[in-house]
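The values are calculated or read from the model by the stated rules, or taken from the named source; none is laboratory data. Everything numeric here is computed off the predicted structure, so don't read it as measured data. Note that we place each Cβ from the backbone using ideal geometry, even for glycine, and neighbour counts take in every protein chain shown. We work out accessible area using only protein heavy atoms, side chains counted, and drop any ligands, DNA or RNA first. Shrake-Rupley method; radii C 1.70, N 1.55, O 1.52, S 1.80 Å.
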Amino acid sequence: MDAITLKRIDLLHPKLRAEVHTMYEEMCNALRGKAIPRFAYTLRTIKEQNELYQKGRTTAGPKVTNAKGGQSYHNYGCAIDLVLIIEGKTASWDTLTDFDGDKVSDWMECVAIAKKYGFEWGGDWKFVDKPHFQKTFGKTISELLVAPKFIQDNIEYPTL
């Protein structure tokens, strides 16, 4: 398993951490070739979200999000962005390649596992965001913005 991902899982909302550890272990066990799953993002600060929102708008690069700070489930510790790490060094967002030869693309193996755990996949949206997974607990962003908060490990989370 990827040490970077394990640290990032520990930033997720406390209600998700144990479940996502189990989900991640299942993903790692499913991928037996040269690809390993890594969570590129889990919790993202409002400042980080606003910086990403500016890409392709006021800063160089392509647009990567339609969500301003406070408008992403990442800001509440309820979302994950996936990347595959190939042979320990190359980041890949290839959703089609079957790196482990089991006749299912490695990316889609991870998607199936995340969906089994109740995560919504951004690849199913009109604004396609294939790296993105979120678990909303039935809460809208508007509800999370005004939800009572608690602090754990110096991070403020909404009460779910």
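On the stretch given as region 11-20, residues that are open to solvent by less than 60 Å² (accessible area, probe 1.4 Å) and either in contact with a Lys or Arg (Cβ under 7 Å, 6 or more places away or on another chain) or not β-branched (Val, Ile, Thr) (or both) total 6.
Residue 157 falls short on exactly one of the conditions (1) of a type outside the set (Val, Ile, Thr); (2) open to solvent by less than 30 Å² (accessible area, probe 1.4 Å); (3) at pLDDT 95 or above, and that condition is (3).
Residues considered: 97, 136, 140. Of these, the only one that is of a type in the set (Ser, Thr, Tyr) and loosely packed, with under 11 Cβ neighbours inside 10 Å is 140. Contact map, region 100-128: residues that are without any contact (Cβ under 8 Å) to a residue 40 or more places away in the chain and more than 24 Å from residue 66 (Cα to Cα) paired with residues that are of a type in the set (Asp, Glu) and open to solvent by less than 70 Å² (accessible area, probe 1.4 Å), Cβ distance under 6 Å, separation 6+ or inter-chain. Pairs shown: 105/98. Applying the set (1) touching a helix residue (DSSP H, G or I) at 6+ places or on another chain (Cβ under 7 Å); (2) more than 24 Å from residue 47 (Cβ to Cβ) to residue 158 leaves exactly one unmet item: (2).
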